[in-house]
């Protein structure tokens, strides 16, 4: 049975209608090799190459095509459909259904199959690495390479049926020439960054991210304040859930919002992005008023543009397009005015009262944030704290209990991917089981509230 982990469905690459998003110059995409384990978040630009699990292709060849399934032929991408691949490969999208029974096997002069133990490592396979590379450079498809490897294996005929299937799967995974180029979603970004660097992602899994949004009662029309140290995952999920109605007030350190690649990769529409209000922590510490800016606008814009943690293999330097300083400073001044205006609107929204406070912390004590913001939370408002370390959540739990919060729940979810095979089911032997802790509470005003 063919199993695709991480929930990626090849059926979604069936013929698409006219409303399907098209890959454009400079857009973000999640690239995954079919049958592979890893996926990368990349920005597709001209004159750049993308490498995913030893499969390299030119990003320019994908521009102008719909997101979906592609074949790599001579480092160029060719759009493919599930129906065509099924007709050509006998129904197996992952090319694992190689007809091994009808492939000629090597043997001795009497036609007897040679046992693997009687062969040296070099004589078990006729094809060399140079021949395999030459086949790929000439445009050979992945299933053709696998068929050649099976027919050139002297030990293949002596294997059991299970060993044959495992051998074909292993070779297919290594030599697969099919990739999925998908439009970024919250789930795909969460999985990609968790595998890339789980520490920077705060060990935040997609199931716990869903729990945070649920416990925070995030929906259209809500005013939600977010402090995000998990690469912008909570910010992106909140903004998407608001769907253009409400306010996502992103509290950040420094002059501009940094280290939120997940939010930037989503490329929200202007309607959705209109609910995003970045607010500096300095403005909160200054009595919810905008402090004077420090440093030049040039430094701020360069910091903002270089903090994006997305792979851009051949991205050009940011300042190459700056032909004239006067033109650049005009753009910088406009960006500064827009940023300050958005911050002013965000501060006004905080003063009117918050519906939800979401904190995703790796190194900052949540209590220091609650000290500043809890008074701005309306009665019956939701507080959700996420951290990969339980000590942060425990301190926040004591802090909230002292102030009369109710319905406090501190949870830790167990998450395992199960592999379903014929006649057996078991967890994947190699998978990440990291995670964090979620604390949820509701603010009330009552006699149990601590008096200062």
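Laboratory data are not the source of any read-out in this text; all were calculated from the coordinates shown. The structure displayed is predicted, hence computed values, not measured ones. Because the Cβ atoms are built from the backbone with ideal geometry, glycine has one as well, and the counts that use them run over all protein chains shown.
Some points to look at:
- Once both labels are positioned 7 Å from their Cα atoms along Cα-to-Cβ, the gap between residue 56 and residue 219 label points is 5.1 nm.
- Rough spin-label spacing in nm, given labels placed 7 Å along Cα→Cβ, for residue 432 and residue 24: 3.1
- Across all directions, the average flat footprint of the convex hull enclosing the Cα atoms of the stretch 322-452 is 15.0 nm².
- Förster radius 41 Å - calculated FRET efficiency between residue 416 and residue 161, Cβ distance, rounded to 0.05: 0.90
- Gyration tensor verdict on the stretch 186-442 (Cα atoms; rounded if a/c is under 1.5, prolate if a/b is larger than b/c, oblate otherwise): oblate
- Calculated FRET efficiency for the pair residue 269/residue 170, C-beta based, R₀ 41 Å, to 0.05: 0.45
- Against the rule of thumb 2.2 N^0.38 Å, how large the Cα Rg of the stretch 214-267 comes out: 1.07
- Its Kirkwood hydrodynamic radius, worked out from the mean inverse distance over all distinct Cα pairs, puts the stretch 160-275 at 16.1 Å.
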